[in-house]
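Asker: Structure in structure tokens, see below.
The values are calculated or read from the model by the stated rules, or taken from the named source; none is laboratory data. From a predicted model like this one, the values you see are computed outputs, not experimental measurements. Neighbour counts run over all protein chains shown; Cβ positions are idealised from the backbone, glycine included. Keep in mind that these areas ignore ligands, DNA and RNA; they rest on the heavy atoms of the full protein, side chains included. Shrake-Rupley method; radii C 1.70, N 1.55, O 1.52, S 1.80 Å.
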Amino acid sequence: MKLYSVVDGPPSLACRQALKALNIQYELVDVNFNKGEHMTNEYAQLNPQKEIPVLIDDDLIMGESNAILQYLGDKYDTTGKLYPKVPKARAIVNHRLCFNLAMYYRSIAEYVVAPMFYDYKRTPLGLKKMTIALDVFNTYLQRENTEYAASNTLTIADFPLITATMCLEA
């Protein structure tokens, strides 16, 4: 198994956390984002979207960190703790993954991360969107009254939410 990853990219870190939690041996391939290594024709053969991370497991080549997390959970989490088998519990995990992708990480990345790498201005609207996303996440945590984002045990949903939250320190 290989994981093409950027050193400090939240989606890559989430996949690395899952691999560690599942005790899966893998080869880590560092993709230098700043040098544009993900924009090469060779990398596009792995991922036409030219995004990071990419997982290779036997004949499977997969991008999109959420899909990677779900795949790892389905294939390697025999206990069902990190990626529950029970439909209701799994639905909550899947919801938190979608929430992170569609709202939480997106708003944090646009307001905090993008201005560090691109000519991207921080705006009052961007701050408002990020604040709303933080408030929504807090509401989920309080409403569910669980120790983690989706349950009382660590799940694959926690990894991207943790790494997105870490961006706030940037």
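Asker: Given Cβ point charges of +1 (Lys, Arg) and -1 (Asp, Glu) and nothing else, what value in debye, to the nearest 20, does the dipole of segment 97-139 about its Cα centre take?
Answerer: 80
Asker: Would you kindly find the accessible area of MET116, with a 1.4 Å probe and non-protein molecules such as ligands, DNA and RNA excluded, rounding to the nearest 10 Å²?
Answerer: 100
Asker: Can you tell which of LEU72, TYR83, PRO11 lies farthest toward the positive end of the dipole of segment 1-110, using +1 and -1 charges on the Cβ of basic and acidic side chains (Lys, Arg; Asp, Glu)?
Answerer: TYR83
Asker: Another question about this same structure. Charges only on Cβ, +1 for Lys and Arg, -1 for Asp and Glu: so what's the dipole of segment 29-170 about the Cα centre, in debye to the nearest 20?
Answerer: Details: 14 positive and 17 negative charges, 137 e Å.
For segment 29-170, the charge dipole is close to 660 debye.
Asker: Count charges around GLY126 for me, please; just the other residues with Cβ under 12 Å from its Cβ, Lys/Arg as +1, Asp/Glu as -1. Each step should come with its number before you reach the end.
Answerer: On the way: positive: ARG106, LYS121, ARG122, LYS128, LYS129; negative: GLU110.
So the environment of GLY126 carries a net charge of +4.
Asker: Something else: Against the globular-protein guess of 2.2 N^0.38 Å, express the Cα radius of gyration of the chain as a ratio, rounded to two decimals.
Answerer: Numbers: Rg = 16.3 Å, N = 170, 2.2 N^0.38 = 15.5 Å.
Expressed relative to 2.2 N^0.38 Å, the Cα Rg reads 1.05.
Asker: How large a share of the accessible area of the chain, in percent, is made up of carbon and sulfur atoms when the probe is 1.4 Å and the other protein chains stay in place? Show your work: numbers first, answer last.
Answerer: Numbers: 5310 of 9720 Å².
Carbon with sulfur: 55 percent of the solvent-accessible area.
Asker: Out of the DSSP beta bridges found with both residues in segment 1-140, what percent are antiparallel (nearest 5)? It would help to have the intermediate numbers written out before the result.
Answerer: Working: 7 of 11 bridges.
If we restrict to bridges inside segment 1-140, about 65 percent are antiparallel.
Asker: Let me know the charge dipole size of segment 39-85 about its Cα centre in debye, to the nearest 20, where only the beta-carbon of Lys, Arg (+1) and Asp, Glu (-1) is charged.
Answerer: Working: 4 positive and 8 negative charges, 47 e Å.
Dipole magnitude for segment 39-85 comes out near 220 debye.
Asker: Can you spot the lysines whose alpha carbon is less than 25 Å from LYS129's alpha carbon? Ignore those fewer than 8 places along the same chain.
Answerer: LYS121
Asker: If you plug each phi of segment 66-74 into the Karplus form 6.51 cos²θ - 1.76 cosθ + 1.60 with θ = phi - 60°, what whole-Hz ³J(HN,Hα) values come out, in order, with x for Gly and Pro?
Answerer: After applying 6.51 cos²θ - 1.76 cosθ + 1.60, I find 4, 5, 4, 4, 5, 4, 4, x, 4 Hz.
Asker: Another question, then. Beyond 18 Å, how much of the Cα-Cα pair distribution for segment 119-170 remains, as a whole percent?
Answerer: Of the Cα pairs, 41 percent sit more than 18 Å apart.
Asker: Could you report the chain's accessible area per residue, 1.4 Å probe, as an integer in Å²?
Answerer: Working: 9720 Å² over 170 residues.
Here the per-residue accessible area is 57 Å².
Asker: When the expected Rg is taken as 2.2 N^0.38 Å, what fraction or multiple of it is the alpha-carbon Rg of segment 64-144? Please report the intermediate quantities before stating the final value.
Answerer: On the way: Rg = 15.6 Å, N = 81, 2.2 N^0.38 = 11.7 Å.
Taking N as the residue count of segment 64-144, the ratio is 1.33.
Asker: Here is a further query. Give me the percent of Cα-Cα pairs in segment 29-105 that sit more than 17 Å apart, rounded to a whole number. Don't jump to the answer; show the numbers that get you there.
Answerer: Working: 1605 of 2926 pairs.
Everything past 17 Å amounts to 55 percent.
Asker: Further, regarding this structure: With all protein chains present, calculate the accessible area of GLU144 using a 1.4 Å probe and round the result to the nearest 10 Å².
Answerer: Here the residue's solvent-accessible area equals roughly 60 Å².
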